[in-house]
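Encoded as structure tokens, the structure appears first; notes follow it.
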Amino acid sequence: MKKASILLTLCFMLILTACGNNAGNSESGNNKPANQASGEGSSGEKVTIKLYTNAKGEPEEPMMKLVTAFNEQNDHIKVEHVALVQNNDSREMLQKLDVLSASGEEVDVVLLNNEGFVLERAGNGMLYPLDEFFTANNINPEDEYYRNPVYEGKHYAAMTDASFWFVALNENHLKDAGLAVPGFDWTWDDFREYSTKLAASGENRYGTYFHTFGEYANLIAYTDFKNPQMKEDGTLLFDDPSFEYWFNLRRAMEIEDKSVKPLADVLAAKQHWATDFMNGTTSMLPIAGYALDEAFLNSDSYPRDFKITFAPLPRSSASAETGLTSISGSFLTMHKNSKNKEAAFEFIKFATMEGAELSGRIPGWKKADGKAVLEKIIGDKSDLVDNQVLSNVLFDERVHTAGSSSVSVSYQQQLKKVAEGGINKFLLDNSTYDEAEKYMMDEGQKIIASNP
């Protein structure tokens, strides 16, 4: 009896200890460190991570295709999409996201549609760097993605889709002017000549349209330099000779050649960037790959009687590298508030690598089959755009970018606005270039001084 009593006591103590340990494990599971693995709970339930984008959440949207594919094949993580806006306005979405972040809202993954947006939010502490996850998965981001936003030496994003810049041309207008489709050797001087001849070949027609986007303040800065507003030594790029060349080119095309719609008229019209090109009143349009989705393949919104062909962005000069272009795009980032960071990275990795071709957009992953994706994007609409020419423009072995800059600042978007202000001052106020350059350098220095 004594032995039995002792055994019962020991069993009872073991049970209490086991219960205590289980309670302790449960508590620690609910308060894991932010960077601790949390793909699946102790009872096997799915972990839900929240994805914030400027999309509406409709099934046919590119990011939603990735979310659906991931959720269908993953048995321990569920991605829940949160739509902050219903108008796809990325700036409005970011304003709301900033408020949510400040209030401590749980956010796991954020889609940012601009490299500058990434750097801004890396700088203000909203985002969590991805380097530890890249390392754990043996990923060298420079080998994998076309663009890699880096802030203070750390990677803060993975590229989802890549928008290669090119020149879209009205094929009928080229034939009217007796011009061939330009190749990789043409320069911006050649572009000006094309614009003049195209404008002269028809009535009430401009050769070129430049919208109000910040890139149009100096497209050369986006092709020939790693950072379009700053030099690699950390000083402002606005005094580079390319700015003076570009500003004078824009003015000459407006005033002397009359082959470009004046910026004043563009601002007054308040129209969509695609309107003039798609209705045939403009022959050429430097633009990025998002134009396919938004306009070129949309015959319902933009019915037309011409086919669109394509050319690479012109070189800055006859001695410049062949094939240099600008590649913009969207990026998936990890929010600092995420309590499921490894699960969040699992989705980021899927969406930007193995699942990248499912979105219906040209992937930002270098190892994806971009030509095959482009063929699917165009589908049975090869009568609207020249698929073969576009494929060559995007994926020719000579096509490359200047690479990611070693200089990254959280106020990149503010500097972009300064460049816009400079070209506006030059074209609208009829200032001299020296005045416009002084304005950009002065305003840029003020921004730098206010962001020590």
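Is the range 297-447 best put as rounded, prolate or oblate by its Cα gyration tensor, with a ≥ b ≥ c the root eigenvalues, rounded for a/c under 1.5, and otherwise prolate when a/b is larger than b/c, oblate when not? Because a/c hits 1.5 or more and a/b fails to exceed b/c, the range 297-447 counts as oblate.
Using the Karplus relation 6.51 cos²θ - 1.76 cosθ + 1.60 with θ = phi - 60°, the per-residue 3J(HN,Hα) values for the range 312-318 come to x, 4, x, 7, 5, 7, 5 Hz, with x marking Gly and Pro. The GluC sites (Glu not before Pro) of the range 286-385 that meet both conditions, a loop assignment by DSSP and at most 15 other Cβ atoms within 10 Å of the site Cβ, are Glu321, Glu354.
Here's the picture: charge each Lys and Arg Cβ at +1 and each Asp and Glu Cβ at -1 in the range 245-318, and of Trp246, His272, Ala318 the one pushed furthest to the positive end of that dipole is Ala318. Summing charges over neighbours of Asn148, with a neighbour being any other residue whose Cβ is under 15 Å away from its Cβ, gives -1 when K and R count +1 and D and E count -1. Identify the trypsin sites (Lys or Arg not before Pro) of the range 253-357 meeting these criteria: DSSP loop state and at most 10 other C-beta atoms within 10 Å of the C-beta. The qualifying sites are Lys270.
With a threshold of 20 Å on the Cα-Cα distance, the over-threshold entries among Lys154/Lys446; Lys231/Lys446; Lys307/Lys381; Lys65/Lys341 are Lys154/Lys446; Lys65/Lys341.
By its C-alpha gyration tensor, with a ≥ b ≥ c as the square roots of the eigenvalues, how is the range 125-228 shaped: rounded for a/c under 1.5, else prolate for a/b larger than b/c, else oblate? Before the final figure, lay out the partial values.
Working: a/c = 3.49, a/b = 2.84, b/c = 1.23.
It is prolate, given that a/c is not under 1.5 and a/b is the larger ratio.
Equivalent ellipsoid of the range 311-367: semi-axes from √(5λ) of the C-alpha gyration tensor, largest first, are 34, 14, 8 Å.
Kindly identify the range 42-133 as rounded, prolate or oblate by the Cα gyration tensor criterion: order the square roots of the eigenvalues as a ≥ b ≥ c, call it rounded if a/c is under 1.5, otherwise compare a/b with b/c, prolate if a/b is larger, else oblate. Numbers along the way, then the final one.
On the way: a/c = 1.80, a/b = 1.28, b/c = 1.41.
The shape class here is oblate.
Dividing the alpha-carbon radius of gyration of the chain by the rule-of-thumb value 2.2 N^0.38 Å gives 1.17. Please sort by residue number the GluC sites (Glu not before Pro) in the range 45-107 whose DSSP state is loop and whose Cβ has at most 16 other Cβ atoms within 10 Å. Within the range 45-107, the qualifying GluC sites (Glu not before Pro) (loop, at most 16 other Cβ atoms within 10 Å) are Glu45, Glu60, Glu105, Glu106.
Using the Karplus relation 6.51 cos²θ - 1.76 cosθ + 1.60 with θ = phi - 60°, the per-residue 3J(HN,Hα) values for the range 205-218 come to 10, 9, x, 9, 10, 10, 7, 8, 4, x, 4, 6, 5, 5 Hz, with x marking Gly and Pro. Relative to the Cα centre, the charge distribution of the range 201-289, modelled as +1 at Lys and Arg Cβ and -1 at Asp and Glu Cβ, gives a dipole magnitude of about 320 debye. Of all beta bridges that DSSP places with both ends in the chain, some 65 percent have antiparallel geometry.
We did not get these values from a lab; they are worked out from the coordinates using the rules stated. This structure is a prediction, so every number in the text was calculated from the model and none was measured. When we count neighbours, we look across all protein chains shown, and the Cβ atoms used for this are built from the backbone with ideal geometry, even at glycine.
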